[in-house]
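Colleague: Could you have a look at this structure, given as structure tokens, before my questions?
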Amino acid sequence: MVVYLDEPVQVGAVFKKAGVLPRWFLYHGKKIKVREVTYSWKENVGQSLFHHFSVSDGINLYDLVFQPERLFWKLEAVEDAAP
């Protein structure tokens, strides 16, 4: 089941020439380790650029969004693997 959140989160990320990669984030006080970036894309909304990341901790899928102009991360959605 997908739950849409749109919540600000703290993210540990690696910045390289090729771009940014999230490595972990805090969700409800728990550190979630990113095991895999399953998909990423960029989106322009007006003058703002957003980097989207679909990531997995090996169990659940999470949609993270980064806005580099504001150095702001948010957790947009969680897809829980539990039935």
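Colleague: What relative contact order, as a whole-number percentage, does the chain give when Cα pairs under 8 Å and 6 or more residues apart are counted? Don't skip to the end; give the middle numbers.
Modeller: Numbers: 174 pairs, mean separation 25.3, N = 83.
Result for the chain is 31 percent.
Colleague: Then there's this: Which residues make up the longest stretch of the chain that has no trypsin sites (Lys or Arg not before Pro) in a DSSP loop with at most 10 other Cβ atoms within 10 Å? List each step's numbers first, then the result.
Modeller: Values: sites that count: Lys17, Arg70.
Counting only loop sites that pass the neighbour cut-off, the longest clear stretch is 18-69.
Colleague: Follow-up. Using Cα-only point scatterers and the Debye equation, what is log10 of I(q)/I(0) for the chain at each q in 0.22 Å⁻¹, rounded to two decimals?
Modeller: Debye intensities relative to I(0), on a log10 scale: -1.08.
Colleague: Where a Cα-Cα gap under 15 Å defines reach, which aspartates and glutamates qualify for Lys33, not counting those fewer than 8 residues away within the same chain?
Modeller: Counting by Cα, and skipping residues close in sequence, Lys33 has these aspartates and glutamates nearby: Asp57, Asp63.
Read the figures in this text as sums done on the coordinates, not as results from a lab. Note that the structure is predicted; figures quoted are calculated from it, not measured. Using ideal geometry, Cβ is built from the backbone for each residue, glycine included, and neighbour counts are taken over all protein chains shown.
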